[in-house]
1. Based on the alpha-carbon set only, what is the convex hull volume of the chain divided per residue, in Å³?
2. Hull surface divided by four, with the convex hull built on the Cα atoms of region 2-42: how many nm²?
3. What is the pair-distance distribution P(r) of region 1-92, computed from all Cα-Cα distances in 5 Å bins starting at 0, with each bin given as a whole percent?
4. When the helix-only estimate is applied to the chain (DSSP H runs of n ≥ 4, each -39,500 (n - 2.57), divided by the residue count), what is the mean residue ellipticity at 222 nm, nearest 500 deg cm²/dmol?
5. Classify region 92-213: rounded, prolate or oblate, from the alpha-carbon gyration tensor (a ≥ b ≥ c, eigenvalue square roots; a/c under 1.5 rounded; otherwise prolate if a/b is larger than b/c)?
6. Rg/Rh for region 192-331: what does it come to with C-alpha atoms and Rh from Kirkwood?
7. Tell me, how many Å apart are the Cα centres for region 384-412 and for region 1-67?
8. Output the 0 to 90 degree angle, nearest 10, between the alpha-carbon long axis of helix 391-405 and the longest principal axis computed from the alpha carbons of the chain.
Ligand SMILES: Cc1cc2nc3c(=O)[nH]c(=O)nc-3n(C[C@H](O)[C@H](O)[C@H](O)COP(=O)(O)OP(=O)(O)OC[C@H]3O[C@@H](n4cnc5c(N)ncnc54)[C@H](O)[C@@H]3O)c2cc1C
């Protein structure tokens, strides 16, 4: 497979050394494709993250479809097993008013409604399938990391309330402290109710097992390395055998190789996100920093930091950014993250870190997630590019892809116009990592100096 970053970052033979992997319990039993002859199904799904698993689960549960999922590694190997566990609105980097300018008010509302339904869907799956994923918190909060960002948040809350009827609330600095989060970079907040945190790998594994219970077969260690059509049948080749299917759903997000499907080449841009975990903090240590809430919280930077107190007192410190996916680049990012952590949480400057890892999110040229037919083939669906916020969005988009593949929905009627079709191709796609470098340099100046 051909990627635009250091290939070591896509090594599916090495599990991700994350806190989630150390605390998720037993792995999901998958079915070995080796030795299987003439393996056929109605719908094959590439990628066992939230998109692929949700698509497979809903296809089997709601449409009685015969589905197989193929993952290069194991369920939750990609972003779905290594993210921050923030279940909130996502799937775009466009601001709401930019979206209104682009597709109008009604379509923006349709897009937002889908994001809201996706959050509810995660909650319903956890409850309905008895998935114990350590759910915490009751809202998501963005905090102003500089005094000059406070007014933006105040206006943002008013805009969302007045324009979309959203229950966003502005919080001043004292209200943030009373809510249980404080620090030298906390100057005010914007609260989005209805969001929560999860253990992302427990959720991914729970979804995988729920899909298996409905008859879905999941093949681990099954990277799709070849793909051709024989008549109307797709033939997906892996090193352990072939799978034949009438339709294919691609849910490979930031792990999409350039050569998985020519219809996606040059159309997605994987970007790095990084997570540092502390040892459990005692109640006294939490009080010393003034951080006691388990709500999910991020700052107002473009290259944002996302943070949350985990149920056992560990603190998760996430940070977007970085363009060097090599082991040396990862080591440099860890040093930068540790330094930033100490600036933001001075009372915890002495605290040891137990884990650090990173993974790929997925960006597009037009800054929004997409569902469409690569190469115009109506028997192939791609659903991807959640722009770093995909726990809920991938789950919801996976369900949408299931409905589309089952012909219970159509692209024209049921997919918000801004998400419709495959993502546009980047101009000069070979420059994608350079674009990212330029954007990150500019964001850094904006975040820290303006
Ligand atoms: C560090 C980090 C923190 C994040 N934090 C948050 C957060 O707090 N909240 C939030 O909403 N989002 C967050 N995200 C984003 C979120 O994790 C993703 O948007 C979401 O998991 C995407 O799910 P997916 O199923 O589309 O893709 P993934 O979970 O990335 O799964 C893609 C799968 O495809 C497989 N694959 C790829 N190519 C092939 C092939 N050729 N054959 C077979 N299998 C293949 C891979 O092995 C992988 O398992 C974060 C991401 C990262 C990396």
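1. With only Cα atoms used, the chain gives 132 Å³ per residue.
2. Computing the convex hull of the Cα atoms and averaging its projections yields 5.6 nm².
3. 2, 11, 17, 21, 20, 16, 9, 3, 0
4. -10500 deg cm²/dmol
5. Verdict is oblate for region 92-213.
6. Numbers: Rg = 20.6 Å, Rh = 19.2 Å.
Result: Rg/Rh = 1.07.
7. The two parts, judged by their Cα centres, are 17 Å apart.
8. Roughly 20 degrees between the two axes.
Readers should treat all values here as calculations from the given coordinates under stated rules, not as data from a laboratory. Everything numeric in this text was worked out from a predicted model, so none of it was measured. Quick reminder, even Gly has a Cβ in these numbers, built from the backbone with ideal geometry, and neighbours come from all protein chains shown.
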